[in-house]
Every structure is written in structure tokens, then in C-alpha cells.
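Q: Dumping the structure here so I can ask a few things about it.
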Amino acid sequence: MTRLDRDELAELAEQRYFGAVARGDLAAVLDCFTDDAEIIIRHGDQPTRTMRANPSPGVPHISEFWLHLNGNFDASFTDFEHFVDEPAQRCAATFNVTLRPKAGSPYVTRGALTLYNCNFFWVRDGRIAKMIVYYANPDTGGDGPGKPTGYPPAPR
């Protein structure tokens with residue numbers, strides 16, 4: 001059983017996970033997660049979204065989130081602050097994320113948007129078994145179609 005120390009837990013969150021998201025490297029993102037991982041997304045007062053590495057009817061695969069995010073935005077992550085519980089193999093991170101819509105994205109009219117977010121990570125055997133994502137207010141950034149991150153996608 002792999003156990004990470006404090007620095008390794010912070011590195012898993014900031015460098016391996018968020019670094020892979022920023023690069024748009026889906027294979028490296030997925031490699032950060034266990035085969036039975038669960039992701040819960042809380043996005044303002046939007047309905048809570050759940051995704052799993054083992055999807056079931058009505059519950060999408062965890063990759064759907066990054067396919068949407070990296071398909072529509074260039075994301076950068078800065079100003080990390082980590083809160084680590086090494087014995088429990090847990091880490092929380094607050095950070096700024098700047099989303100720059102890609103050309104052709106339905107969110108291009110919103111322009112760049114910076115949010116102050118928080119993620120919680122439960123780690124098992126050196127990989128993320130559960131992650132809860134808290135997004136900043138989804139209406140930040142003024143008027144425009146959809147929400148700033150566009151996830152979940154607006155019905156068509």
C-alpha cells in the first residue's frame with residue numbers, strides 16, 4: 001500500500017493533477033485516479049454532479065468533465081494553498097483558476113474568467129480515490145450563455 005507524505009500529497013494535487021489538466025493531457029489526468037474513483041462537483045447552487053471511473057446509468061465517466069473543460073478552455077491554476085492530513089491521506093487545495101475560452105467555443109463571448117476554487121482529495125495507494133470540486137459563484141463574469149465553466153452543459 002503506497003502512502004504519500006505531506007509534500008507528495010500536495011504534489012499529487014498541484015503538479016500531477018492540475019498540471020495535467022492545464023496541459024490538456026487526459027491520459028495523465030486519468031492516471032491520477034483510482035480505477036473506482038468518484039468525483040463530486042458542487043457548482044454554486046447548481047445541482048450536484050457525480051461522475052465515476054466506473055460509470056452507471058445516469059452517472060457519466062470521470063473523463064466527461066475534462067473533455068468538456070479542455071475542449072472549450074485553456075485553463076491555468078495559480079496561488080495554491082494546501083491543507084494536508086497525511087495520516088488520513090487527504091488534501092484540500094484552494095487556488096485560482098483562469099479559464100480562457102478557445103476559439104470556436106460557445107463560451108468565447110464571456111472572455112477570460114478567474115475563479116477562486118477549492119478541491120478536496122481522498123488518496124488511496126498514491127492515487128485520488130475521491131475528489132470534491134467546489135467552484136466559485138457560477139454567475140461570476142456577467143451575462144453570457146451558460147455558466148463560466150459551462151459544466152454541466154446547458155441543454156440544447
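Q: Pairs, please: C-beta under 6 Å, at least 6 apart or cross-chain, first residue within 11 Å of Ile132 (Cβ to Cβ) and loosely packed, with under 15 Cβ neighbours inside 10 Å and in the range 35-48, second basic (Lys, Arg) and modelled with pLDDT under 95?
A: Thr48/Arg42
Q: What are the residue pairs meeting all of these: first residue in the range 98-121, first residue more than 14 Å from Ala75 (Cβ to Cβ), second residue β-branched (Val, Ile, Thr) and outside any helix (DSSP H, G or I), Cβ atoms under 6 Å, and 6 or more apart or on different chains?
A: Pairs that qualify, where the first residue is more than 14 Å from Ala75 (Cβ to Cβ) and the partner is β-branched (Val, Ile, Thr) and outside any helix (DSSP H, G or I), are Cys118/Thr94; Phe120/Ile132; Phe121/Ile128.
Q: Considering each residue of the range 75-93, count those that are over 16 Å from Asp5 (Cβ atoms) and without any contact (Cβ under 8 Å) to a residue 60 or more places away in the chain, and give that number.
A: Of the residues in that region, 6 qualify.
Q: Just to verify a result, which residue in the range 49-71, among those that are polar (S, T, N, Q) and over 14 Å from the mean Cα position of the chain (by Cα), is nearest to Gly126 (Cα to Cα)?
A: Asn54
Q: Could you list all residues from the range 8-23 that are under 12 Å from the mean Cα position of the chain (by Cα), farther than 14 Å from Gly126 by Cβ and of a type outside the set (A, V, I, L, M)?
A: Once the filter is applied, which keeps residues that are under 12 Å from the mean Cα position of the chain (by Cα), farther than 14 Å from Gly126 by Cβ and of a type outside the set (A, V, I, L, M), the range 8-23 yields Glu14, Phe18, Gly19.
Q: Hey, among the residues in the range 1-53 that are in a loop (DSSP other than H, G, I, E, B) and among the hydroxyl-bearing types (Ser, Thr, Tyr), which one's farthest from Phe83 (Cα to Cα)?
A: That would be Thr48.
Q: How many of the residues in the range 82-108 are of a type in the set (S, T, N, Q) and either farther than 17 Å from His68 by Cα or buried (at least 18 other Cβ atoms within 10 Å of the Cβ) (or both)?
A: Residues meeting the conditions: 3.
Q: Somewhere in the range 60-74, is a residue in contact (Cβ under 8 Å) with a residue 24 or more places away in the chain, in a strand (DSSP E or B) and buried (at least 19 other Cβ atoms within 10 Å of the Cβ)?
A: Yes, there is a match, as at least one residue in the range 60-74 is in contact (Cβ under 8 Å) with a residue 24 or more places away in the chain, in a strand (DSSP E or B) and buried (at least 19 other Cβ atoms within 10 Å of the Cβ).
The values are calculated or read from the model by the stated rules, or taken from the named source; none is laboratory data. Please read all numbers here as calculations on a predicted model, not as lab measurements. Ideal geometry is used to build each Cβ from the backbone, glycine not excepted, and the neighbour counts take in all protein chains shown.
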